[in-house]
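Notes to accompany the following structure.
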Amino acid sequence: MAAEGGGKEMNEIKTQFTTREGVYKLLIHSEYSRPNRVPFNSQGSNPVKVSFVNVNDQSGNGDRICFNVGRELYFYIYKGVRKAADLSKPVDKRIYKGTQPTCHDFNPLTATAESVSLLVGFSAGQVQLIDPIKKETSKLFNEERLIDKSRVTCVRWVPGSESLFLVAHSSGSMYLFNVENTCGTTAPHYQLLKQGENYAVHTCKSKSARNPLLRWTVGEGALNEFAFSPDGKFLACASQDGFLRVFGFDAAELHGTMKSYFGGLLCVCWSPDGRYIVAGGEDDLVTVWSFSDCRVIARGHGHKSWVSVVAFDHCTTSVEEGDLPAEFSGSDEDFQEHSHFGAGRDRANSAHSRLSKRNSTDSRPVSVTYRFGSVGQDTQLCLWDLTEDILFPHLPLSRARTHTNVMTATNNGSNSSTSGNPTNSLPNTLPRSNSLPHSSSPTGGSSNSIIDSAFIATGVSKFATLSLHDSRKERHEKDHKRNNSMGHISSKSSDKLNQLSSSRTAKAEVVKTLGTTLCPRMEDVPLLEPLVCKKIAHERLTVLIFLEDCLVTACQEGFVCTWARPGKVVSDSPRQSSSSGGGYIS
């Protein structure tokens, strides 16, 4: 909830805000919610989430939106800035009993105007595959809750795959599923496949193919969110123990780690070129981490409460005309790996918008600005610019920054060189370099894909069946349910108190990591100030998505709002009079 007091100006809900590129305007007629437009009583409910997919409809209106509110799940044609939302005609609506949807994800590879594949995770641990256009329920995974009984915190299709998906739970485990496989009638038995510092990967022992293919146990406490890198080869995990862990997905190698200033990490996202990761959480900060240098390069302070979502804006990341340094060049050849579905990901990535990359030995600085945003439980939207003076602090600025423009897309299918670094632990000293290091030889050929190993017949004697993290998981299970797995929902003050007093080991970790490369002191890294910091809702914000002509936010009352980018408002149609909006429009 918003803080009480502070005067009318502080508590006023903003309907527009200005950046250097112009004015962003809230479109009241493009608001999506439950059909009755009544604010949802969010007490004790899971966060409202929003998913988009484009079905390439011939009419040019191919965007589809899915969002959950309490026990309900809605699927609409999304008209964005073009036309008013018609809430009386959802394409599909579902009401669940005994469990609530917590997260969802469309598969963009299989989406058509006649059919879409939508994964939905639930508070009781199940995952459902549905087609809201055909109004079909295809499959239910973990139906008997034999794999994991805890809440699903994040579900994502594996990039480039039509059948593989990854599911994270508040137990701290992640599972890899194949939609073609069953989950079996008995609890799965696992054998150790790989382990490292505070993580382990197990494969399922079975004579026939069954789900899950893999179980990842990551850190302590809930695994709140994960995100695949733009090329699909790396996985960033934000955990309740406060650690960001970045893995090479196919080989399950730990690439790097970062620790929050305090408290758990709740959200994570990648820059469009895969060079930077932003995480947010219970320290009220946004933290920018360099993938290549494996270090924190900046923090941003603007929120007054927990940060619930971070997202990069690929449309307003700008690069000045001219050659980029050689460190920005790269190609898919740096990343070739021999997994059975890797080729599909490469094809999917070739069309991904990226920063323009040119081979150049010119060491002149490049003028670059990464734009990202964040929303939090303080009901505020913050926009941030990550500029070259932060990214390359030792280079003199030879040219003034240009105006924001659209990121140029490359048609040659080349990807940024992000996997050239050895996947070892953090070095003892990390240079404050003014540019990203040159890529070393590719590692893809030296390690077999761990996904392939999951498909190999089990019973190999060299793998011992270890229950490495089971005792740890049981020891913290009550804490997960009380504090961590529902951390988004209960009050800020009680959650912070519980988190800070949960264990002595957590305090010891803070002492050990503070002042190191895992968690630099506040004075040791640049502190960003937000370009924009506006209160835009009455209830805590749970969604921030950047689209080509707008950005989309949502709050826990169940209202999904569209903010038109500068110059993208089609017409200034009269605002519809309604008691909806929950007091949104001033």
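The numbers here are math on the coordinates, done by the rules we state, and not lab data. Note that the structure is predicted; figures quoted are calculated from it, not measured. All Cβ positions, even for glycine, are placed from backbone atoms using ideal geometry, and neighbour counts span all protein chains on display.
So for each of 160-166, 523-529 I average, over its residues, the number of other beta carbons within 10 Å; can you give me the resulting order with the highest mean first? If you can, show how the numbers build up before the last one.
Values: 160-166: 19.3, 523-529: 13.1.
So the peptides 160-166, 523-529, ranked by packing, come out 160-166, 523-529.
Using 7 Å Cα-to-Cβ label points, what is the residue 41/residue 97 separation (nm, one decimal)?
2.0
For the stretch 254-315, state the average projected area of the convex hull of the C-alpha atoms over all orientations, rounded to one decimal in nm².
Average projection, Cα convex hull of the stretch 254-315: 4.3 nm².
Using 0.36 nm per residue, how much length does the chain from residue 89 to residue 113 gain when fully extended, once their Cα-Cα distance is taken away?
Once the chain is fully extended between residue 89 and residue 113, it gains 7.0 nm.
Place a point 7 Å from the Cα of residue 524 along the Cα-to-Cβ direction; which residues of the stretch 297-311 have their backbone N under 14 Å from it?
297-299
May I ask you to derive the FRET efficiency for residue 390 and residue 514 from their Cβ-Cβ distance with R0 = 25 Å, giving the value to the nearest 0.05? Before the final figure, lay out each step's value.
Numbers: r = 22 Å, r/R0 = 0.86.
After rounding to 0.05, the efficiency reads 0.70.
Length gain on complete extension for the stretch residue 82 to residue 549, per 0.36 nm per residue less the alpha carbon to alpha carbon distance?
167.1 nm
State, in angstrom, two size descriptors of the stretch 91-189 derived from its alpha carbons: Rg to one decimal place and Dmax to the nearest whole number.
In order Rg, Dmax, the Cα atoms of the stretch 91-189 give 13.0, 40 Å.
Check which residues have an amide H placed less than 5 Å from residue 519's amide H, if you skip close sequence neighbours.
259
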